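**Student:** Quick one: this structure, given as structure tokens, is what I'll be asking you about.
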Amino acid sequence: MADAGTTKVCSVCGIDVSNRPRVKDAAGRYMCQDCLQKAKAARGAQTAPKPKPPATTTASPTGEDDNSFLLSLGGKDSVASKGVQLCPECGRAMDHGAVVCVGCGYNTSTGKRLQVKVQKAEKPKGEAKAKSGGGETNPHLYGVAMLAGVAIFAGAAFYVKELAVVYLVVALIAILVSRIWALIAAWQDTTWKGVIILIGWFFGLLWLYELYWVAVEAENVVMKWFWFSSLLAGISAMVIQMMAAGGGGF
């Protein structure tokens, strides 16, 4: 009797074999060619050679149509015994009554494909702080060294007129680097925070949010020290320049 109108599904892997090379066992179950070859290879590896049966013994067929040894593969946990339905989108076999195809995400109830978004797991704050702190070295040591450098350079610029301009240029470069560093770090934290800080570059009042983010929310301790040290260097450089212009220094 023809199999027209009947879904032909591999009893082992559950794929639709209607238009694929397949075999059919005595119980009417289908198996794709790949599963057949794997099953035969496994059977040959696990079964020891047997002596040739007597001439009076009726030999069982051994051709391609002999699939009787595959009957055990269609047990109570097989795809065929549970009942399947085919995904309308990709044709993959689904458990009977399943709503979402695990292969492509198609939802049979809504008729739409689910969008899957891969989200990177957030690292624990303790781990992030440990990495940002420069390994085993205490990051606050870097901060103290930065402040000491600013103080020494500012003192030299105050008493040596030729260093005042150099100090101002170095301070402005340090401020630019620190603000770019803070912008990148904030953007990596949350996009909208980075956008606010970037807008603050052009609108003075929003600059206060950058100050807040670096002081409160930033986890990189070295970046915090560098940001505030460069700010202090810029302020002191401007003061030195004003004192020089007003005749109050040097």
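**Student:** Could you run through the range 4-23 and say how many residues are surrounded by 15 or more Cβ atoms within 10 Å (Cβ to Cβ) and over 13 Å from Ala93 (Cβ atoms)?
**Tutor:** Going through the range 4-23 one residue at a time, the tally reaches 2.
**Student:** Among the residues of the range 93-109, is there at least one that is in a helix (DSSP H, G or I), more than 30 Å from Lys24 (Cα to Cα) and either among the aliphatic types (A, V, I, L, M) or at pLDDT 75 or above (or both)?
**Tutor:** Among the residues of the range 93-109, not one is in a helix (DSSP H, G or I), more than 30 Å from Lys24 (Cα to Cα) and either among the aliphatic types (A, V, I, L, M) or at pLDDT 75 or above (or both), which makes the answer no.
**Student:** Answer yes or no as to whether Val239 is without any contact (Cβ under 8 Å) to a residue 60 or more places away in the chain and closer than 14 Å to Phe158 by Cβ.
**Tutor:** yes
**Student:** Starting from the range 187-209, keep only residues that are assigned by TED's automatic domain parsing to the domain that holds Trp227 and of a type in the set (Val, Ile, Thr), then list their pairs with residues that are modelled with pLDDT under 85 and surrounded by 12 or more Cβ atoms within 10 Å (Cβ to Cβ) whose Cβ atoms are within a distance under 7 Å, requiring at least 6 positions of separation or different chains.
**Tutor:** Ile196/Leu206; Ile199/Leu206
**Student:** Hey, could you check the range 24-68 for residues that are at pLDDT below 60 and of a type in the set (A, V, I, L, M, F, W, C) and say which is farthest from Asp95 (Cα to Cα)?
**Tutor:** Ala55
The values are calculated or read from the model by the stated rules, or taken from the named source; none is laboratory data. The structure displayed is predicted, hence computed values, not measured ones. Note: ideal-geometry Cβ built from the backbone for every residue, glycine included; neighbour counts use all protein chains shown.
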